[in-house]
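Every number here is computed from the coordinates shown, using simple stated rules; none is lab data. Note that the structure is predicted; figures quoted are calculated from it, not measured. Don't worry about glycine lacking a Cβ; one is built from the backbone with ideal geometry, like all the others, and counts go over all protein chains shown.
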Amino acid sequence: MLSLKNVSAGYGRKLVVRDITMRVPEGEFVGLIGPNGSGKTTLLRVISGVLAPFEGEVLLRGAPLRTIGKRRLAQMMACLPQELALDLAFTVREIVLMGRSPHLSRIGRETRKDTEAAEKAMAVADIADIADRYMTEISGGERQRAFIAMCLAQEPQILLLDEPTSHLDVGHQLSLLDLVKRLNRRSGMTVVAVFHDLNLASEYCDRLLLLHQGRAEALGSPQEVLTVEIIRRVYQAKVVTEPNLVSGKPHIVISAGTDPPGE
Amino acid sequence: MNVRRGWGIFVILFALLLGACALSLLAGPTWVPLSEMPESSIVRMRIARILLAIIAGAGLSVSGVIFQALLRNPLAEPYVLGVSSGAGLGAAVAIVLGLSSAGVWGVPLLAFAGALGAILLVYTLARTSSGAVPVPTLLLSGVIVGAVLGSFLMFIVSISESEKLHNVMWWLLGSLQALDWRPLEISAPPVAAGLLTAILLSRDLNLMTLGEEPAAHLGLNVEQTKKLFFLVASLMTGATVAACGLIGFVGLIVPHIVRLIIGPDHRRLVPTSALAGATFLVLADSFARSVLPVEIPIGVVTAFLGGPFFLFILRRRTSPYWR
């Protein structure tokens, strides 16, 4: 579905991610994790096509990303950036309908098919009842769902998310990620998401790519990546891991203390 | 209730515009009796003046809408961004070089070049390495570029010969006085073309308000769209300034009020702002030439209204609303 070949990228002359190689098969849920400044967002921007890599390339269904037209790409791949600030009083429905843009001609107007796709997306994201509310007056959790619905209205095969739950409380975090997981499992949508919270990444992802100073430190299942040894080395944090009592996936337990890490 | 969705406001505004035109036809130092209207040269001049107010009001308002969408900033406006000063400088240079008599298009072309140069300079100065255009740097850049270009303009005023001086001073204050049809000829085609482009591509403006990266994720060619709209807005501002000098704040006041009433969807915002801007300027002009025995320059009237309005929006920016 998606493959990265020796991707190096950055801004100006500054190299942020180096030599990343990864294959994402169709229908997989992949998490990008790593400490602050490790290059997670930069890598996601390369995958989304808005940032051209210095070296290497990203292939989507075998075709290099740069050879795919912008509109065509937006029909296959949707991306929810980290902080999508919106201070205009659009309604939820208006925002979701914007997701139909890649399916419309430049001067075209939405047809009934587009309205139906938007209604369906809102139903899936469970925001049909707030369709006519203003984006500026709904809660953070609802807003994030509206943006997910906008992505779904694009009818993409791949969904890219950058810390989709960073400003949400634990209830909204879980319900949003449950929604994404459902899309992934039932519709076979491939998901690549940046996670800040290691436990959420462990619970929801099939595989994790751990970045450290721009390099791929580890790539594999949560069990393989989230080991005490790796986390202590990369995050310089004193932690232990134990299996989550419910899912059996690794769960990171912090241990607060005044001792320097690693002792 | 449903004002936001409907075109009712459009019909109301159209009726208002017709009323404003009728008022403007009558208003002024001289009141022309109805019986003498058809032959009166004053009436003919007033018709030209009304048409110019319509074109300038629509052009400045839609330029404001475009700049606000591209820069994601409710305070962006041709005058505040220094774009009008750039256009004014270009026009003044053209007048001093004698281009105004050489050909019809000398002044508007240089005004357009000045407007485009100014917005590119302001945008480059205000843009950070990450590509964002923060509000404080944008406003500061606009004010500084406007001030520097304004000083060039003053320099030109100070060295120009006395008979050209009057022409140049006229730019600084703004005037809708149309002695012949030329101001209409140079401003109508660019404003009409710009308005048409903005109406056809109004969905692109909606996407741009989400931010450049989200717009790109929705398949929009952001760089191309930005270039096109900077060009279109500069063209409209340049044409308006070439025809009637510096008229500030119209592009700030009008879109802001229209957005309050009909919401931020550019498919309605663009045409409605054009209509509301035309109405506003026709009314402001009627006011300018009838309240005092002497005519008040129109730019003075709009600045008098717009300055406090600007501060009012600036104060309200702390709220998450754009409105």
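General remarks:
- Index of the failed condition, A:Ser139 passing every other in (1) facing another protein chain (nearest Cβ under 8 Å); (2) out of contact with any Asp or Glu (no Cβ under 9 Å at 6 or more places or on another chain); (3) farther than 22 Å from B:Ser202 by Cβ: (1)
- Those helices (runs of 4 or more DSSP H) lying entirely in the range B:150-211 with at least 3 residues within 22 Å of B:Ile55 (Cα to Cα) and within 14 Å of chain A (Cβ to nearest Cβ): B:182-200
- Qualifying residue in the range B:170-193 (condition: without any contact (Cβ under 8 Å) to a residue 40 or more places away in the chain and in contact with an Asp or Glu (Cβ under 9 Å, 6 or more places away or on another chain)): no
- A:Val234 farther than 27 Å from A:Asn184 by Cα, in contact with an Asp or Glu (Cβ under 9 Å, 6 or more places away or on another chain) and either touching a residue at least 40 places away in the same chain (Cβ under 8 Å) or of a type outside the set (Asp, Glu) (or both): yes
- Qualifying residues in the range A:38-65 (those that are within 14 Å of another protein chain (Cβ to nearest Cβ) and out of contact with any helix residue (DSSP H, G or I) (no Cβ under 9 Å at 6 or more places or on another chain)) - the one farthest from A:Gln236 (Cα to Cα): A:Leu44
- Test result for B:Leu140, surrounded by fewer than 14 Cβ atoms within 10 Å (Cβ to Cβ) and over 26 Å from B:His266 (Cα atoms): no
- Residue pairs meeting the criteria (Cβ under 7 Å; at least 6 apart or on separate chains; first buried (at least 21 other Cβ atoms within 10 Å of the Cβ), in the range A:29-55; second hydroxyl-bearing (Ser, Thr, Tyr)): A:Phe29/A:Tyr204; A:Pro53/A:Ser8
- Top-ranked residue of the range A:81-113 - restricted to ones that are touching a residue at least 60 places away in the same chain (Cβ under 8 Å) and facing chain B (nearest Cβ under 8 Å), ranked as surrounded by the most Cβ atoms within 10 Å (Cβ to Cβ): A:Pro81
- When B:Val241, B:Val258 are checked against the criterion of being within 14 Å of another protein chain (Cβ to nearest Cβ), assigned to a helix (DSSP H, G or I) and either of a type in the set (A, V, I, L, M, F, W, C) or in contact (Cβ under 8 Å) with a residue 60 or more places away in the chain (or both), B:Val258 stands alone in meeting it.
- Among strands (runs of 3 or more DSSP E) entirely within the range A:209-256, having at least 1 residues that are in contact with a Ser or Thr (Cβ under 8 Å, 6 or more places away or on another chain) and of a type in the set (Gly, Ala, Ser) singles out A:215-220.
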